[in-house]
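The values are calculated or read from the model by the stated rules, or taken from the named source; none is laboratory data. Computed from a predicted model, the values in this text were never measured in an experiment. Every residue, glycine among them, receives a Cβ derived from its backbone with ideal geometry; neighbour counts consider all protein chains shown.
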Amino acid sequence: MATEILLVMLAAIGLAIFAERFKLQPPLLLVAVGLGLSFVPGIEPPALEPETILAIVVPPLLYSAALDFSFFSFVKRIAAILNLSVALVFASAAAVAFAAVALMPALPLAVAFILGAALAPPDAVSAVAIGRELGLPSRLMTILKGESLVNDAAALALFGVATAWALSGAEHPGSVTLAFLYAAIVGALVGMLIGRIVDRIRRRLEDPSLVTTLSVLVPFSAYALAERVHASGVVAVVFAGFTLSHRAADLGFAGRIQEREVWGVVDKLLETFAFAYMGLQLRSLMLEAQADGYALRQLAGIAIALLVVVIGVRVVWIVASELLARVRRRWSPRAQPLSWAEDAVLGWSGMRGVVTLAAAAATPVHTWAGEPLAGRSAIVLLAYVVAVGTLLLHGLTLPLLVRRLKLPPDDAEALHGQKKHAKSVMHGAARATLTGLSHEQFSAAELALAEKLMNRQAAAVQAAQELAGEGGSPTVPRLRLLTIGRAVLAAQRQALIAERDAQRLDDEVLRELLEGLDLEQALLAQKAQHLA
């Protein structure tokens, strides 16, 4: 098993490199090649337990996406995100369930709701990966990311209720609303609690390797603890990521740099594996359904019908939501609905992925009475075909749609204004730091030269060389100027964080500027160590 998984990952990475080189979409190429290889004699795909996918593969992908997501942007678009990630999930699940029963009268309604819950949530991995490749506008990506991060909670909570309903044989499913509220609220509290605890611990760590190790453990810990108390593990992972992302600016520069690099590697490994794994499962699922007496041609027709239902419900829901938003805008000018072009792209971005496959595969084989669960192999295959169908259909046509619609680019003027404001804040913090430094510790000439170099944005190395050229030991002046540089960078970081906390600066802009400050601090630390 371990050897097969390793081979799949190596082959997937090779395909991803090939796709990027020839400007193809890696997720689509990985799924397509996996589909073809699943029918090659002698190739047996790795058979992972569904719990392994949900507990090992999904949490780090969601956590990494949450780390890159702005919590303020999430709050700003909370109405649109909850509309898609909660209300639309329930509507999609119900539509799929009733359509499946209409197409397969022998299928119990409870089992049909298992299929509906599995197919309801668009996948975070798919949406982010393909949206990033297409370069979608930031506010559209904000809604897609937010929806994908939250909708798994609603879908998996509904999946749990539907599963219990099917296994018990009861006539009614019980309180879906209460189950969802408990899963979401308790999961969020668990995630924030773990985020707070980890943040307190990592502030006391000086070794960046320990900081990164702690970060890697967070998604698994949050997921496991939430699931232990029967809450939503995915919500816990997302809110742990939100909490730690918001407080990451207070970390040491070395820890932040290493953490960014590590999660970049983890993202690539798991994303490529997830898409390749999806493609490789087709043949085994077909054989399982055939063994249970299902006709593949009939299931193929049902899958196409359900694919139309899944896509149609999303498009109709988004159009209806947009009409309501435009009516509401007449009464509340502050409401800013998306353009029709952006809504079209949003409606055509409902790719399903590894979460759908894992949830469907997690359907129990037997009821609590010990009898085989009717229709299990059929709904697992249907979920798989619809998920792959949405991924290929949307993924292949989205680039054309985006080009034809000519989406408006990000608000460059607003972004430029934020960056200009941020640089003004940084300049003010640097000047205040230089003014406040004691003349007893540094000479007037040193402070004047530091300010002169800061004003023309010279590099620290050049500043040290110019200061050393004024006489005396070249080592001591350089160390002293490096000390001034560290003080200035620390002040700039705190000033930017304060602007972010006052909501005058977006998290995305803050991260971009902090990356530059981190690199400058790393350079200063390297020079100081060399001169010491």
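Among the residues of this structure, residue 13 does not count as one that is surrounded by fewer than 17 Cβ atoms within 10 Å (Cβ to Cβ), at pLDDT 75 or above, in the same structural domain as residue 357 (by TED's automatic domain parsing) and under 23 Å from residue 258 (Cα atoms). How many residues, within the stretch 201-245, are free of Cβ contacts under 8 Å to residues at least 40 places away in the same chain, among the hydrophobic types (A, V, I, L, M, F, W, C) and closer than 20 Å to residue 183 by Cβ? Qualifying residue count, the stretch 201-245: 1. Hey, among the residues in the stretch 357-389 that are part of a loop (DSSP other than H, G, I, E, B) and under 26 Å from the mean Cα position of the chain (by Cα), which one's surrounded by the most Cβ atoms within 10 Å (Cβ to Cβ)? Only one residue fits best here, namely 363. Looking only at residues in the stretch 393-412 that are under 22 Å from the mean Cα position of the chain (by Cα) and at pLDDT 85 or above, the one that is surrounded by the fewest Cβ atoms within 10 Å (Cβ to Cβ) is 393.
Whenever a residue of the stretch 259-270 is without any contact (Cβ under 8 Å) to a residue 40 or more places away in the chain, its partners that are in a helix (DSSP H, G or I) and buried (at least 18 other Cβ atoms within 10 Å of the Cβ), lying with C-beta atoms within less than 9 angstrom and at least six residues away or across chains, give the pairs 261/212; 264/64. Within the stretch 159-168, being over 26 Å from residue 241 (Cα atoms) and crowded, with 24+ Cβ neighbours inside 10 Å holds for 162, 166. Counting only helices (runs of 4 or more DSSP H) that sit completely within the stretch 169-288, those holding 1 or more residues that are touching a Phe, Trp or Tyr at 6+ places or on another chain (Cβ under 6 Å), surrounded by 19 or more Cβ atoms within 10 Å (Cβ to Cβ) and on the phi < 0 side of the Ramachandran plot correspond to 176-202, 208-228, 233-246. Scanning the stretch 488-508 for residues that are within 17 Å of residue 77 (Cα to Cα), surrounded by fewer than 21 Cβ atoms within 10 Å (Cβ to Cβ) and not acidic (Asp, Glu) gives 503, 504.
When 178, 205, 189, 167 are screened for being under 20 Å from the mean Cα position of the chain (by Cα) and not β-branched (Val, Ile, Thr), only 189 passes.
Every residue, every condition in (1) touching a residue at least 12 places away in the same chain (Cβ under 8 Å); (2) in contact with a helix residue (DSSP H, G or I) (Cβ under 8 Å, 6 or more places away or on another chain); (3) farther than 22 Å from residue 286 by Cα; (4) not assigned by TED's automatic domain parsing to the domain that holds residue 33, yes or no:
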{"position": "340", "(1), (2), (3), (4)": "yes, yes, yes, no"}
{"position": "350", "(1), (2), (3), (4)": "yes, yes, yes, no"}
{"position": "358", "(1), (2), (3), (4)": "yes, yes, no, no"}
{"position": "369", "(1), (2), (3), (4)": "yes, no, yes, no"}
{"position": "389", "(1), (2), (3), (4)": "yes, yes, no, no"}
{"position": "398", "(1), (2), (3), (4)": "yes, yes, yes, no"}
{"position": "404", "(1), (2), (3), (4)": "no, no, yes, no"}
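The residues of the stretch 284-333 that are basic (Lys, Arg) and in contact with a helix residue (DSSP H, G or I) (Cβ under 9 Å, 6 or more places away or on another chain) amount to a single one, 314. Each residue in the stretch 312-333 was checked for being modelled with pLDDT under 80 and under 28 Å from the mean Cα position of the chain (by Cα), and 1 pass.
With respect to being assigned by TED's automatic domain parsing to the domain that holds residue 53, touching a helix residue (DSSP H, G or I) at 6+ places or on another chain (Cβ under 6 Å) and under 18 Å from residue 56 (Cβ atoms), residue 224 falls outside the description.
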